[in-house]
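Undergrad: Got a structure for you, written out below as structure tokens; questions coming shortly.
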Amino acid sequence: MVKSGHLASELFEGNSRFWCHGKALTGPDYTNAIITLIAILIAHGLYYGICIAWLCTFWQPYGFIILALALPLSLTSLISFTLAVTDDPGIIPRAHSAPPEISSDPSFPRELPTSLNNTPIKLKYCETCRHWRPPRCVHCFQCNNCVERMDHHCPWLGNCVGRRNYRSFFVFVSSTALLCVYVMATIVLQLTLNTRRFLSLNADDAEYSTAEAFASALGFWGSGVLLVVFVFVLLAFGFTGGLTGFHLFLMWRNVTTNEFIKKTYGKRNELNPYEERGVGAWSERLMARKTHSKLKREYDGRKTDVDVDALVEEGVRRLKEAEDKNKAVEIRVELPSEDCLKRSDDHEAAANGQLEDVAVESMNSGGGAEDDKV
């Protein structure tokens with residue numbers, strides 16, 4: 001097991017991109033993440049360069065307090081974004097060859113019936129990666145990788161969101177949502193204070209209206225640009241705030257985005273093999289220890305976080321039991337039982353007896369007719 005080290009890019013076959021000699025990993029659509037980062041940095045620059053700078057200049061000392069509260073939110077958003085974009089989401093390295101049950105029998109089923117926490121599930125085989133996928137593992141066709149506890153492929157991050165970077169993703173969307181609310185509130189505050197400042201400067205002019213003061217405020221220190229920033233941040237809040245609420249709901253039910261869309265555990269989540277719900281599920285998802293990357297050269301731990309071999313053995317055993325049961329049913333259908341044979345013999349004997357009675361009656365009736373003739 002290793003906590004640090006370079007990712008083994010030369011042993012990797014998927015579409016993900018490696019950076020800084022294997023220190024970072026992104027998806028193939030990493031340009032989307034660059035565009036997202038540029039938009040975030042531009043909004044930050046305009047906000048700090050106009051709104052915060054004005055408050056620190058004309059509204060002391062409270063402007064510095066607002067700055068001190070804004071910086072931690074901004075740093076949390078940017079750092080978590082970087083981690084979510086450049087971290088290994090939980091990729092399972094591809095196997096060099098197919099498992100024995102597949103290589104020895106190409107017609108072997110690609111789905112195995114097994115159970116997890118006493119709940120029946122199906123274990124699926126990945127033809128591309130040549131291994132049995134553990135529960136909640138999904139093959140991302142954009143990155144061309146199998147990712148453990150795959151949630152979804154995020155186009156804004158340009159990377160998959162899985163077991164290892166889900167916490168960074170959630171911290172990014174939730175902290176960004178809070179930052180958006182904070183930015184909108186301080187922009188309104190700055191425009192209000194700026195308007196009042198112009199009203200006080202022109203207090204001697206009786207015809208000077210609030211609308212004129214607001215127009216003057218928009219033209220002073222580039223404050224008019226803050227209206228564009230406000231609209232952009234409002235749209236960003238609708239997106240990040242919605243994602244925050246949606247993922248809180250998903251974690252409460254202990255399902256992933258992929259499982260929720262496909263209704264993997266039923267419409268009411270009644271087939272979910274994972275028992276944690278509510279606050280316990282939040283804690284398990286956000287506070288659990290981060291697993292080690294399996295793509296690092298020095299990694300010598302388990303191939304998957306779940307013991308897939310045990311699930312495969314159980315699935316093969318259940319499959320054989322089902323085949324034996326089907327063969328037994330076929331034999332019973334083809335070969336009649338002793339009771340059936342005995343019943344058929346009884347029916348045949350009864351039928352023969354009825355025929356003999358009919359023959360005797362016909363002979364008796366024939367003899368009586370001849371006596372009448374005589």
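Undergrad: Which percent of the accessible heavy-atom area of segment 73-166 goes to carbon and sulfur, probe 1.4 angstrom?
TA: 59
Undergrad: Give me the accessible area per residue for the chain, probe 1.4 Å, as a whole number in Å².
TA: 58
Undergrad: So what's the net charge close to CYS143: Lys and Arg +1, Asp and Glu -1, counting the other residues with Cβ under 12 Å from its Cβ?
TA: Counting the neighbours of CYS143, the net charge comes to -2.
Undergrad: Can I ask one more? If you average 1/r over all unlike Cα pairs in segment 1-103 and invert the result, what Kirkwood radius do you get in angstrom?
TA: Details: mean 1/r = 0.0579 Å⁻¹.
Hydrodynamic radius (Kirkwood, Cα only) of segment 1-103 equals 17.3 Å.
Undergrad: Right, something else. By what distance, in whole Å, do the Cα atoms of segment 188-242 stretch along each of the three principal axes, largest value first?
TA: Answer, in whole Å and largest first: 48, 17, 14 Å.
Undergrad: Take peptides 185-194, 29-38 and line them up by average Cβ neighbours within 10 Å, highest first, as a rough protection proxy. Working shown, then result.
TA: Working: 185-194: 17.6, 29-38: 15.3.
Top to bottom by mean Cβ count within 10 Å: 185-194, 29-38.
Undergrad: Next up: If you line up the Cα atoms of segment 204-309 on their principal axes, what length do they span on each, largest first, in Å?
TA: Taking max minus min along each principal axis of the Cα atoms, segment 204-309 gives 83, 42, 24 Å.
Undergrad: Using the structure shown, list the pairs from LYS124/LYS262; LYS122/LYS320; LYS23/LYS124; LYS23/LYS296; LYS23/LYS294; LYS122/LYS290 with a Cα-Cα distance above 20 Å, or answer none. Write down the numbers at each step before the final one.
TA: Values: LYS124/LYS262 15 Å; LYS122/LYS320 15 Å; LYS23/LYS124 31 Å; LYS23/LYS296 9 Å; LYS23/LYS294 13 Å; LYS122/LYS290 26 Å.
The pairs that break the limit, which is 20 Å between Cα atoms, are LYS23/LYS124; LYS122/LYS290.
Undergrad: Given 10 Å bins starting at zero, what is the percent of C-alpha pairs of the chain in each, up to the one with the largest pair distance?
TA: Answer for the chain: a P(r) of 4, 17, 20, 16, 11, 9, 6, 5, 4, 3, 2, 2, 1, 1, 0, 0 percent.
Undergrad: Under a GNM of the chain (C-alpha, springs under 10 Å), which listed residue has the highest mean-square fluctuation: PRO134, PRO28, PRO61?
TA: Highest fluctuation of the listed residues: PRO61.
Undergrad: Still on this structure: Based on the mean of other Cβ atoms within 10 Å per residue, sort peptides 268-277, 175-184 so the most packed one is first.
TA: Averaged packing, sorted descending, gives the order 175-184, 268-277.
Undergrad: Right, another one. How far is it, in nm, from the label point at HIS6 to the one at ASN326 when both lie 7 Å from their Cα along the line to the Cβ?
TA: Taking the two extended label points, one gets 5.1 nm.
Undergrad: Let me ask you something else. Expressed as a whole number of Å, what is the distance separating the alpha-carbon centroids of segment 164-178 and segment 212-263?
TA: 13
Undergrad: Still on this structure: Taking the mean number of other Cβ atoms within 10 Å as a proxy for protection, how do you rank 203-210, 67-74, 145-152 from highest to lowest?
TA: 145-152, 67-74, 203-210
Undergrad: List residues of segment 47-87, by number, whose backbone nitrogen lies under 15 Å from a label position 7 Å along Cα→C-beta of TRP19.
TA: 78-87
The values are calculated or read from the model by the stated rules, or taken from the named source; none is laboratory data. Keep in mind the model is a prediction, meaning the values are calculated, not measured. Glycine also receives a Cβ, built like all others from the backbone with ideal geometry; neighbour counts cover every protein chain displayed. Just so you know, the surface numbers come from the protein's heavy atoms only, side chains and all, with ligands and any DNA or RNA stripped out. Shrake-Rupley method; radii C 1.70, N 1.55, O 1.52, S 1.80 Å.
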